[in-house]
Amino acid sequence: MLIVPEWHGQRLSRDLDARAEEAKGLALAIGLDVVAVHALRLRQTRAATLIGVGQIEAIKPDVVERGAQLVIVDAALTAIQQRNLETEFGTKVIDRTGLILEIFGERAATAEGRLQVELAHLDYQAGRLVRSWTHLERQRGGFGFLGGPGETQIEADRRMIRNRMARIRRQLDDARRTRQLQRSKRQRAPWPVIALVGYTNAGKSTFFNRLTGSDVMAEDMLFATLDPTMREIRLPGIDKAILSDTVGFVSDLPTELVAAFRATLEEVTTADLIVHVRDIVHPDSEAQYDDVRAILESLGVNGPRDGEGGDDPEAVPQIEIWNKIDTADAERRAAIEEMAARRSDVAVISAVTGEGVEAARTLMASQLTARHRVERLFLRFDQGEAMAWLHARGEVLSDVAEGEGHVLTVRLDPADRARFERLWPAGDV
């Protein structure tokens, strides 16, 4: 059973029905059978139970009649609220954060993904030990002949959680260092990296499969894929690029998960191009866009909207792919295409039918080369690796032998120019 609360006077970017539909989708994503949905409007938050006594009394008979074994509240519950609602309903109760953590726990496939989910679970549970279960208040005997008060069970549990979290963080740090080494190797290689981001179920994985010919899991389901996947693709004028598919975002993504998955999401911050895939036909498309942007900004990605990098050479250009146009009626489709025509950073597609995908590929290629500037560089004759890097990363316009090396005129992206300086400092060229 699902309870979706909305507070009176609260200004939300989504309407109550849309939020209820998304919450139902989250429950279905983990294989739960939603027997009923109760959308509630609240005047105020009850400290003990979140929702009002009258609303609890109205829902309780439905819980019993339908034999609900789990009640999901699409909001954040305190430990006390969760316990009191379980007492009132006579069944297990979880909140939105707990539900999303369960989905991630079931879907994480890699060892690192499982560690990240476990860390998020422990972080979530650590704040719920206080007065959540009465057995945690009992004390254990102290050491020595006199015994002493010892430590309470809650203190022992907290210590065990802290120790386990510390071990997981050390393991994740090792994984992060390994990924940084892999990333540095990719940066030495001449291939641009493109990161797909988007709201969950926007069609990222379907678009990824369409571009790469892969068979990454892509279903009409929230969080169908979690672990990032990378594949090689070709774009117009670019022989090779690396396309990365990342986890889909969702509104009110638990902070524990954002923190735990930060290492994985760092792949986005080092990409040469961010492609934001949107379900443009969804009634909450704009709200979903805002949610994705908020998470990207929390990761330190503050790219501009219209594909322009601004004055910052390290800024990651971003474009939008407006997906699922095949599901729009004729009037809605015309309006979407008219809006897209006014934007230089948008391609309208259907990842399922393939419509517009070639235009999207062309847009991705043009954005990867849009900020290129002409540079003059000197390389010694023995710097063959640097020469190959420049030929693959940029466009060598001229190559003139001079003295002990080459004077190159190269059209190069500012970010690649900065990478080149880090790989081959000026003192070496």
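Here, each number is a calculation from the coordinates, and none is a lab measurement. The shown structure was predicted, so the numbers you read here are calculated from the model rather than taken from an experiment. When we count neighbours, we look across all protein chains shown, and the Cβ atoms used for this are built from the backbone with ideal geometry, even at glycine.
Pair-distance distribution of region 311-429: all C-alpha pairs, bin width 10 Å, starting at 0; shares per bin in whole percent are 12, 33, 21, 17, 12, 5, 1. Full extension of the chain between A418 and M160 gives 88.3 nm of extra length, using 0.36 nm per residue less the Cα-Cα distance.
For K92, the residues whose modelled amide H falls within less than 5 Å of its own, excluding neighbours fewer than 5 places apart on the same chain, are V71.
Return the Rg/Rh ratio of region 25-104 with Cα-based radii and a Kirkwood Rh. Computed over Cα atoms, the ratio is 0.93. Peptides 400-408, 322-330 ordered by packing proxy, namely the average of other Cβ atoms within 10 Å per residue, highest first: 322-330, 400-408.
Per-residue 3J(HN,Hα) values for region 378-393, derived from phi via the Karplus relation 6.51 cos²θ - 1.76 cosθ + 1.60 with θ = phi - 60°, read 10, 10, 6, 4, 8, 9, x, 5, 5, 4, 5, 4, 5, 5, 7, 7 Hz in sequence order (x marks Gly and Pro). Sorting 237-243, 31-37 by their mean Cβ neighbour count within 10 Å, with the most densely packed peptide first, gives 237-243, 31-37.
When only Cα pairs below 8 angstrom with a gap of at least 6 residues are kept, region 4-83 shows a relative contact order of 39 percent. Note that region 80-90 has calculated 3J(HN,Hα) couplings of 5, 4, 4, 5, 5, 5, 5, 5, 5, 8, x Hz, one per residue in order, obtained from phi through the Karplus relation 6.51 cos²θ - 1.76 cosθ + 1.60 (θ = phi - 60°); glycine and proline are x.
Can you list the lysines whose alpha carbon is less than 19 Å from that of K324, not counting same-chain residues fewer than 8 positions off? Qualifying lysines at Cα under 19 Å: K204. Using a Förster radius of 60 Å, what is the FRET efficiency between E65 and M339 based on their Cβ-Cβ separation? Nearest 0.05, please. The formula returns an efficiency of 0.80 here.
Placing dummy labels 7 Å off each Cα toward the beta-carbon, the span from E57 to K92 is 3.0 nm.
For region 80-121, the equivalent ellipsoid derived from the Cα gyration tensor has semi-axes of 27, 9, 6 Å, listed largest first. Placing R0 at 45 angstrom, the Cβ-Cβ distance between A39 and L181 gives a FRET efficiency of 0.35 after rounding to 0.05.
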